[in-house]
Amino acid sequence: DLFYRQLPKVELHAHLNGSVSFETMETLIKRKPHLIEHRMTAILSGQRRALHECFQVFKVIHQLVDSEEDILMVAKAVIQEFAADGVKYLELRSTPREVTETGLTKQRYIETIRQCKREEVDIDVRFLVAVDRRHGPEVAMDTVKLAEDFLLSSDGIVVGLDLSGDPTEISISLILQVGHGKYLLSALEKAKNCGLKLALHLSEVRAHGNVCKQNIPIEMCLTSNVKGQTRGHPCVLCTDDKGVFCTDLSQEYQLAASTFGLTQETLWMLSQQSIGYTFAPEPIKQRLEKKWVELKQQIL
Ligand code: 5GP
């Protein structure tokens, strides 16, 4: 539907490699035909996968995206696709990787994404450096230091730190005393103290966390939260992994609208309120607010 695409949107939760589209994936597979047997790179609509299977998909994508050239291509394509979907502000997150065979370093990984900002598309892109919890506290600390260097280099593209990675693998890492949140606290504290904004994945699995252990109920007032934003908890619609889950942000808004019977006016309010929850500096937020007001006159 045209309205959902035209609606200016803010995307705050998008993992780069999970956002790679089917088309880009085809190009990558052509480049690396020896990986052709691993064709499961997306979960098509109607299909469901257990969480650990989703993470298998990421492993395949990581094999396909393993050089500076690949990163550049996928990041440009993903940004372009979000822009074409009406996203005006995008926070991309990605785990810097090093690949000896291709000479990719973590530094170059971040640098390459940073270079992707393209003047000709109407989208503001910021980057969150991701820590994969499975890699333990030392890697986490190194990643924080790297992110801090980029934060200080002050073009404002790197704004924060993400903590992600397969939570179902956590029990193994717990035995090794690495991946559990407690052991990552000092890295997260350092990140916070140096001015990186934090976006953490928490409570994705039943196995750990007090909410699950003590059976604390989560109170969900969906309609109230969406319609009565002032009283409800802040709520931002996001895609997570648009490539892997075969969706886009317009579709997520459409889904919310049809599920809760939201009007175009409410949807507009929902997307506009997301501006306040970005990690962008104040002047950027003001610029986005202005854009929303101008576009509203044209579209609504
Ligand atoms: P990348 O960081 O390589 O750009 O994107 C893929 C990675 O994002 C995955 O390997 C995983 O670490 C993280 N990721 C993507 N979706 C999810 C999710 O739903 N939960 C968690 N915990 N991590 C995720």
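Starting with the fewest neighbours, write out Thr112, Thr143 ranked by other beta-carbon atoms found within 10 Å of each beta-carbon.
On the way: Thr112 21, Thr143 24.
Result, fewest neighbours first: Thr112, Thr143.
With only Lys, Arg, Asp and Glu charged, each at its Cβ (+1 for the first two, -1 for the last two), find how big the charge dipole of the chain is about the Cα centre; round to the nearest 20 debye. Let's see the in-between values first.
Values: 36 positive and 40 negative charges, 121 e Å.
Here the chain has a charge dipole of around 580 debye.
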(message) Ranking request for peptides 83-96, 283-296: highest mean number of other beta-carbon atoms within 10 Å first, then the rest in descending order.
(response) 83-96, 283-296
(request) Treating the Cα atoms of the chain as identical point scatterers in vacuum, please give the log10 of the normalised Debye intensity I(q)/I(0) at q = 0.13 Å⁻¹, two decimals. (result) -1.01
(message) Treating only the Cβ of Lys, Arg, Asp and Glu as charged (+1, +1, -1, -1), what charge dipole size does region 1-99 show about its Cα centre? Round to the nearest 20 debye.
(response) 200
(request) Mind giving me the FRET efficiency for Glu138 and Leu198? R0 is 25 Å, r the Cβ-Cβ distance, nearest 0.05 is fine. (result) 0.85
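Provide Rg over Rh for region 96-169; use the alpha carbon set for both Rg and the Kirkwood Rh (inverse mean inverse pair distance).
Values: Rg = 13.4 Å, Rh = 13.4 Å.
Taking Rg over the Kirkwood Rh, I get 1.00.
Where a number appears in this text, it was derived from the coordinates with a stated rule and is not lab data. Fair warning: this is a prediction, and the values are worked out from it, not measured in the lab. No Cβ is skipped: glycine too gets one built from the backbone with ideal geometry, and neighbour counts run over all protein chains shown.
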